[in-house]
Amino acid sequence: MPTVSVDRDALFSCLGKLCTEEEFDELCFKYGIELDDIVEDPEKGGVTYKIEVGANRYDLLCLEGIARTLRIYLGLEKPPRFRALPPKYPDQYKIIVKPATAQVRPYVVGAVLRDITFTQAVYDSFIDLQDKLHQNIARKRTLVAIGTHDLDTITGPFVYDARPPKEISFVPLNQTQAIRSDVMLEKFSHDSHLKEYVPIIKDKPVYPVITDQAGVVLSLPPIINGDHSKITLNTRNVFIECTATDKYKAQIVLDTLVCMFSQYCSQPFTAETVQVEYPNGEQLTYPVLKYRQQETSAAYCNVLAGTEETPETIASLLKMMSLGAAVVGDDKIMVEVPPTRYDILHPCDVAEDFAVAYGFDKLASDGHLPSTSTIGQECQLNYLSDKMRLLLSQNNYIEAATFSLCSKMDLGERMRVQLDNEPWVRIGNPKTSECEALRTTLLPGLLKTLSANKHIPLPLRMFEIADVVVTDKSAAATRGTGARNQRHLCAINYNVRPGMEVLQGLLDNIMVALKVPFNPDGGSQGYCLQGKDHPSYFPGFCGSVEVNGVEVGCLGLVHPQVITNFNLNNPASVLELDLQKAIDITNFGQ
C-alpha cells in the first residue's frame, strides 16, 4: 500500500479546518485510508503526516488529491469538472511518432498545463506525485515514464523517435555538459536513484528519445529529462509527455497528473490537448479526461452493504465519494465516474464507495446465530495432498514446484503426444513461448527440473502434487470456463537404471495410506496394474493404475526419445495419479 507524506499544516489549510490528531485519524478511518505515522521535524518546526492509501487510488497519491477528496467527502466543496481545451497552437502541440519506437516503447501521450503557478510546496508535490506514479501504476517506469518540460523553452511539433545510442547526445537534467546516451547509461548504472531504470533500455539496439522542432532533446525515456527544458518555480506553461509500453496505463497517468495540478492553472481544472500521430496514420488526442457512465441498482448496493437505503439516499452518499449519481428509475442508479476514479471498474466498486460513505462502523450485523451449526474443517482434497506430501518425503523423494504454464512443445512434441487428441487449454495471447498452454500433466515440469539439476549425484527422486488443467464441456455450461482443475501426484525416479520396482513400491505405500487392498485380478475391489501403452513411455513398460476398476493414473518407463528431448542422459520411471479421482472412488476420509 502506498504511503503519502503530507505537511500537516498545508493539509489543514487546504481542508479549511484544524483537527486534532485523534479527529484526523477518525476522518481517515471513515474514508477508508489510514494515518500511518506522524513525524515531527524540530529543526523546521513542522509535522508530517504519513497517510496510507489504496494501491488503486491514484488520485490520493499527493496532497492535492487527498485534500480535495476529503473536502468533497465533508461536503465543503463539490467535485470539479475537468475539461480538455483546444490547443493554443494546434500546429505545434503535436507529437509525431516514428516507426523505430515500436522496438522499445511504442506509445506516447501528452498534455499542456497553461498558465500554472508554482510555489515551492506545489513544485515539490508535483515532482513527488510523478515519483509515486512511477513506483505504483508505472511499475518502476517499465510501463510508463513521465517527462515534464517548460513549454516556453521548446518549440513543437515534437518528434518521438528511437535511435542508436551513439547518435543521441544531450545535457541531462541538472548537468552542464552534453553526454552521449550510451556513456550516460554506463554512468547512471552507479547512480543510487537512476541505476534501477538503466536495464530497461540499456541492451536495446535503439534508445527512445523525444526532441522538439529544432532537434533539442527533451528526454531519454525512461531514464532522464534534458536540462534545457527543465521546469522551475518560474515555469508558467508545462508540457507533459508520457512514453509507455501500455497505452491505457499512460492515459491513466496523464489524466491523474492533469487532474491533480490543473487546479493551479489560470483556468482551473483545464488542460490543453496534444495530438499524437502514429506511423500508421492513426491520430489520437490527449488528455482524455473522460466521464464514464456506470449503471447500478439500489438493491445491489444494499445487498452487498447489508443496508436498506433508498435509491435517493444511495445517490446522495455516492456524491460524497466524488462520484456523480442520479436515480433514473424505480431502483436504477446511473453513476458518473470522473477521470480521477480509474479504480471504478464494476458496480461492486460503486457499492464499496456507498458503504464507505454510509460508514463501515454503522453497517449492521445480523445480530443472531446462524440457523445451522457447522464446524469448519480443511478441504478433503487439500488434506489428502498434505498427507501424500508427507508420505513421499518419508520415502526420500524431494518435492518440486513447477509452473502451471508451459510451452506447446513441452506438452506435445517433446512428450511425443499429439495435442489434437488431448484436452489441453491454450493461452489466448501468450507473452512468451514458455506460456502457451496450461499443463495437462506434471511430468514435463519434473523433467525440466531434472535437466536443470543434473549436477546433483544420482539417484534423483522427485515428486510434485499440484493442479493440472483440462478442457471440460460441462464446466463451460456450469461455470463458463470450459475447463477444470485436477489435482495430480507425480513422482519420478532418475538413475543409471530406471528402477520401476521403486515406484511400484511407492504405489503400494500410497494405496496402503488410502486403505485400498491389492487385487491382482482387478475388478471392483482393490487396485491393480493393467498393461497399457502411452506415447510418452517405452512400449511394453507402461501400465495404467486401476482402483476399483477405474483408471486413476499410470506407471511406466519414460521413452528414450522423451529423455533426449529434455536434455537428459539417464533413464527414468514415473508414477502419476489423479488424486481427486482416487478420493471419489475410495471415499477416503469419509
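For region 243-285, the gyration tensor built on C-alpha atoms gives an oblate shape. Its axis ratio a/c (a ≥ b ≥ c) is at least 1.5, and a/b is not larger than b/c. Given that just one value was derived from the coordinates, which of (i) 31.3, 92; (ii) 26.7, 98; (iii) 24.4, 78 is Rg and Dmax of the Cα atoms in Å? Identified label for the calculated read-out: (i). Y527 sits among other residues whose Cβ lies under 10 Å from its own Cβ, and their net charge, with Lys and Arg +1 and Asp and Glu -1, is -2. Note that region 473-590 shows a convex hull volume over its alpha carbon atoms of 129 Å³ per residue. With a simple spin-label model that places each label point 7 Å from the Cα along the Cα-to-Cβ direction, the separation between R81 and A401 comes to 5.4 nm. Among residues other than V545 with Cβ under 13 Å from its Cβ, the summed charge is -3 (Lys and Arg +1, Asp and Glu -1). Each peptide in 316-327, 93-104, 56-67 receives the mean, over its residues, of other Cβ atoms within 10 Å, and ordering these scores from highest gives 56-67, 316-327, 93-104.
If you take the Cα centroid of region 390-445 and the Cα centroid of region 183-214, the two points sit 38 Å apart. When each of the peptides 246-258, 207-219 is scored by how many other beta carbons lie within 10 Å of its residues on average, the order from highest to lowest is 246-258, 207-219. In the context of the full set of protein chains, the chain has a per residue accessible area of 48 Å² (1.4 Å probe). Note on region 380-532: the alpha carbon radius of gyration divided by the globular reference 2.2 N^0.38 Å gives 1.16. Under the shape rule built on the C-alpha gyration tensor, where the axes satisfy a ≥ b ≥ c, region 455-525 is oblate, since a/c reaches at least 1.5 while a/b does not exceed b/c.
The values are calculated or read from the model by the stated rules, or taken from the named source; none is laboratory data. Just so it is clear, the structure is predicted and the values come from calculations on it, not from any experiment. Reconstructed Cβ throughout: ideal geometry from the backbone, glycine too, with neighbour counts over all protein chains shown. Ligands, DNA and RNA are excluded from the accessible area calculation, which covers all protein heavy atoms including side chains. Shrake-Rupley method; radii C 1.70, N 1.55, O 1.52, S 1.80 Å.
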